Amino acid sequence: MNLLEGLNEAQSDAVQTISGPVLILAGAGSGKTKTLTHRVAYLIANESIKPSEILAVTFTNKAAKEMRDRLGVLLGQNAHNRNFMPWMGTFHGICVRMLRIDGKAIGISSNFVIYDEDDRQGLVKQAMKQLSISDSEIKAKSASSVISSSKNEMVGPDEYEAVAQFPYQKNIAKIYKKYELLRKAAGALDFDDLLLEVVRLLKDNKEVRMKWQKQFKHILIDEYQDTNAAQYNIIKLLVNDKQNICVVGDDWQSIYSWRGADFTNILNFERDFKGAKVIKLEQNYRSTGNILDAASNVIAKNTQRTDKKLWTLAGAGSPVQVHELFDESEEANLVASRISSHVSIGARKFGDFAVLYRTNAQSYTLERAFIQLRIPYQIIGGVRFYDRKEIKDIIAYLRLVYQPQDRMSFSRIANVPVRGIGSTSLEKFFLWQSGSGLDIISALANLDQTNIITARAKQSMSDLGKKLKIVQSMLETASPKELIEKLLSLTGYLEYIADGTPQAEDREANIGSLLSDAQNFASLPDFLEEVALMSSADTSSDDQKVTLMTLHAAKGLEFPVVFIVGVEEGILPHARVYEAGLSELEEERRLAYVGMTRAREELHLTYVQSRMQFGQRAYNQVSRFIGDMGNQIIASAPTMKITKQEEEFFSDEPFSVGEFVRSASFGSGEVVEVDGLALTIKFDDGRTKKLNAEYARLEKI
DNA sequence: TCATTTAACGTTTTT
DNA sequence: CGTTAAATGA
C-alpha cells in the first residue's frame, strides 16, 4: 500500500519529513488524524522503525483507539496485536505504564492505585478534618482544585507554602501537605501525580531518562495546544538529541486552559526546538463554505492567535441557520422535531445529528423532548459509566484488595452492603490501624488486639476481613472478571441493590456491563488502569442515535448536521468569563469555533428569549458570536408564543397518572404514579410494577 | 447505627 | 430546579 496516496502536498510533506523537529499547524477538518496515522505507518513500513520505538500521544483514549484501528488497516495488521503497535495513548496512560516499570526508582511501588476527582476530594475532606479546618472556611472542592492546578503548574506543597501569603492560602498549604501525606500512605497517585511523578522520575534519574530517550526514536504529540506545564516537561525530557519530535495542533482550538493547558507551548515550539520545520494544513475537507466562513469570522475577532486561512473545495452549501425561540423547551422541541422529520422522510439517519451545548445542565430539556418524540439519543459525557455508584463500589473493593493500604476505598465499602459498621466504628478502626503497622485487610484479621471497637462492629469487621482475604488470595490466579464475581457472591452485593425500584434494573445491568468489560482484561492492574483513565468522552458512539454532548466533548468529532443550543450571552460566552478577562472570553470564542467546525453540511444555532436557570427565569441576550458571523447566516423568525393547550400537549412527562398502557411483558394496566421516568403501573392481573418509561417499551392504549 | 426528613447549595468545561 | 449534605428521630 502506498502510504502517500490520497494525501495533499502539505500532508505528504508532513508524513515524509521524518528527521528533526516538525510542527504541524492543522486547521479544523484538515485531515490531521489521517496525516498523523500515515506518518506512523510510514515510519514503520518505509523507514523500518520498530513500533516499540515510536511514542504517539493522543488527547483521549478514544483517539488512541481510532489511531490504532486505522494503523492496523494501513499496515495490514490486527489492531489488537499490540506487538505491531507503537506506544500509544494519553499522557496519563503512558505515564502509568512508565511508572509501573520504573517507579520504584523514585520510591513508587508498582501496585499504586489511581485516585480520580472524587477520591481526591474525599481525601481533601479527611485532611481538613484532621486539621480541624471546617468546610465553611474553605470548600473541599476549591481546596482540591487549587491542589490540582498547583500540581499541573508543577508547584509542590513546599513551594506553595513558600508563596502563600493570606491566611486562606496558608490553610490551603496545610491541607495540601496533609493531603500528600495521606495520599502516599494510601499507596495512591492522583491524576496529576501521574504526570508529575514521571517528570520527577526522568529528572532525577539519568539512567532511566537515557533509557527512555533511547527507546523513543520518534515522538508524536497530538493536540499540542492543550499540553500543560507538566506534559511539556515530560516531552522535553523524553526527546533525545536527534530531536525527532512531531507535534500537531491548532491554537484556534485550544479550549482547556482552565485545566492548565497552555497554548503558548505551540506558539513557542520553534523556539524550543531549533530548526523546526513548520507545515500548515489549511485545506478543510469537512465543512461547506458557508459554515467555514461563519466560523472563521468568529475566530477572526480573537487577538491572541496565529494567522491561518482555511479554505475548501466544497461549495457554499446551505447557510448557517439561526433560530430565535421563546424558551428552552421550545428550543428543545425545535431540535427534536427537525431531527424527527428529516429522519422520517429518509433524508438522514439519527446518527447524522449532534446537539452541542455549553453546560451539561442544558441536556435535561433536550432529553425530555427526545423522549417525547421517541428519538433515540446518547449522551457523551455527563456521568461517566465508571462514576456510577454501584460501579464505584465494586471498583473500591477491587482497589482495596489490590492495594490494602487504600483507606479511601475501604471507607467507601466498609458499610456497603449495610453490615453495621457506622462512621464512629470506622473512625476508631482507623485510629487503631494506623498505629498498628498493619495494612487494612490484615488489621481486620487481628481485631482481637484492640478493644476500642464495640463487639458488634468487631464481628462484622472480621467477617468482612475474611471475605476480603479470600479474594486477595485469588489475586495472582484469577481474572478480573472472576474476582468481581467472587466479590459479588461473597458480599451479597446483587441482593443489596435489588430493592425493587426501577433503578435497580439499571444498576444490575450496569454491573453486567462491568463484568463484560472486565472480560477484556487479563490482569487486575490493567483493568483498574482502564477504569481510572477512561474518560466520559471515550464512550464509543452509536450511529443509530443522535449524539448529545458539551462543546468540549465534541472536539475532534464531526457530524453532517450540528445544532448548537443556548447561543446566548451568559451561556456562550459563559457568564463566568465576564469578570475573568479578555483571554477567557477568547477561549469561549474558540469553543464556539470548535463547535461550529464540527458541522459538515448543516449548522443550526439557537437562542431563546427566556430560560430557566438556577430555578429562576433568566432573560439572556443573543450571543455576540452570532453577530460576528457575518452574512453567511439566515435567521428564522421567533415562533409564536405557545398556547396553554399546546403546552399541556408537550407536558414534561411522556406518561401521566390515569393513563392506560400496554407492556410487552406484563400486559395492560393503569399508570398510578409518575416520578420522572419512573412509572408505577397497576396491571390488570393485580400486580403493581415500577418501570422505567425509557426502557420499558410501553404503548399507550 | 440507620433511615427519613429537611436545608442548603450550586452549575463550565475534564484527563 | 435538582442534587447532595446535615439534622433529626427511631
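Every number here is computed from the coordinates shown, using simple stated rules; none is lab data. Here the structure is a predicted model, which means the values were calculated and not measured. So basically every Cβ, Gly included, is an ideal-geometry build from the backbone, and we count neighbours across all protein chains shown.
Shape call for the range A:293-404 from the C-alpha gyration tensor, a ≥ b ≥ c root eigenvalues: rounded (a/c under 1.5), prolate (a/b greater than b/c) or oblate? It is oblate, given that a/c is not under 1.5 and a/b is not larger than b/c. With the cut-off at under 19 Å, measuring from each backbone N in the range A:479-493 to a point 7 Å along the Cα-to-Cβ line of A:GLN519 picks out A:479-489.
For the pair A:LYS170 and A:GLU117, a Förster radius of 25 Å applied to the C-beta separation gives a FRET efficiency near 0.50, rounded to the nearest 0.05. Note on A:ASP463 and A:SER479: their simple-model spin labels are 3.2 nm apart, each label 7 Å out from Cα toward Cβ. Under 13 Å between alpha carbons, and skipping anything fewer than 8 positions from A:LYS349 in its own chain: which aspartates and glutamates qualify? Partners within reach: A:ASP542, A:ASP543. Take the Cα of A:SER109, go 7 Å toward its beta carbon, and the backbone nitrogen atoms of the range A:391-425 under 11 Å from that spot belong to A:402-406.
I need the fraction of alpha carbon pairs in chain A separated by more than 47 Å, rounded to a whole percent. Write down the numbers at each step before the final one.
Numbers: 59188 of 245350 pairs.
Tail of the P(r) past 47 Å holds 24 percent of the pairs.
Charged neighbours of A:VAL163, selected by a Cβ distance under 12 Å, balance to -3 (K, R count +1; D, E count -1). Exceedance of the 30 Å cut-off in Cα-Cα distance is limited, within the set A:LYS206/A:LYS280; A:LYS170/A:LYS555; A:LYS428/A:LYS466; A:LYS177/A:LYS469; A:LYS32/A:LYS214, to A:LYS206/A:LYS280; A:LYS170/A:LYS555; A:LYS177/A:LYS469. Summing charges over neighbours of A:ALA336, with a neighbour being any other residue whose Cβ is under 12 Å away from its Cβ, gives 0 when K and R count +1 and D and E count -1. Please work out the FRET efficiency for the pair A:ASN78 and A:LYS203, using the Cβ-Cβ distance as r and a Förster radius of 25 Å; give the result to the nearest 0.05. With a Förster radius of 25 Å, E is 0.10. Only DSSP H runs of four or more residues enter the estimate; each adds -39500 (n - 2.57), and after division by the residues of chain A the mean residue ellipticity at 222 nm equals -13500 deg cm²/dmol. Full extension of the chain between A:MET210 and A:LEU267 yields a length gain of 17.7 nm, computed as 0.36 nm times the residue separation minus the alpha carbon distance.
Ordering A:SER436, A:GLY512, A:PHE353 by Cα displacement along the dipole of chain A toward the positive end leaves A:SER436 in first place; charges were set at the Cβ atoms of Lys, Arg (+1) and Asp, Glu (-1). Would any residue of the range A:258-273 have its amide N under 17 Å from a label point 7 Å out along Cα→Cβ of A:LEU237? List them or say none. The answer is none. When A:THR454, A:THR547 are arranged by Cβ crowding within 10 Å, least crowded first, meaning fewest neighbours, the order is A:THR454, A:THR547. Centre-to-centre separation between the Cα atoms of the range A:291-305 and those of the range A:352-377: 27 Å. What's the FRET efficiency of A:SER442 with A:TYR578 using the Cβ-Cβ distance as r and R₀ = 35 Å, to the nearest 0.05? Efficiency for this residue pair is about 0.05. Here the simple spin-label model places points 7 Å from the Cα toward Cβ, and for A:GLU508 and A:ALA361 these points are separated by 3.6 nm. Modelled spin-label separation between A:ASP307 and A:GLN16, with each label point placed 7 Å from Cα along the Cα-to-Cβ direction: 2.8 nm.
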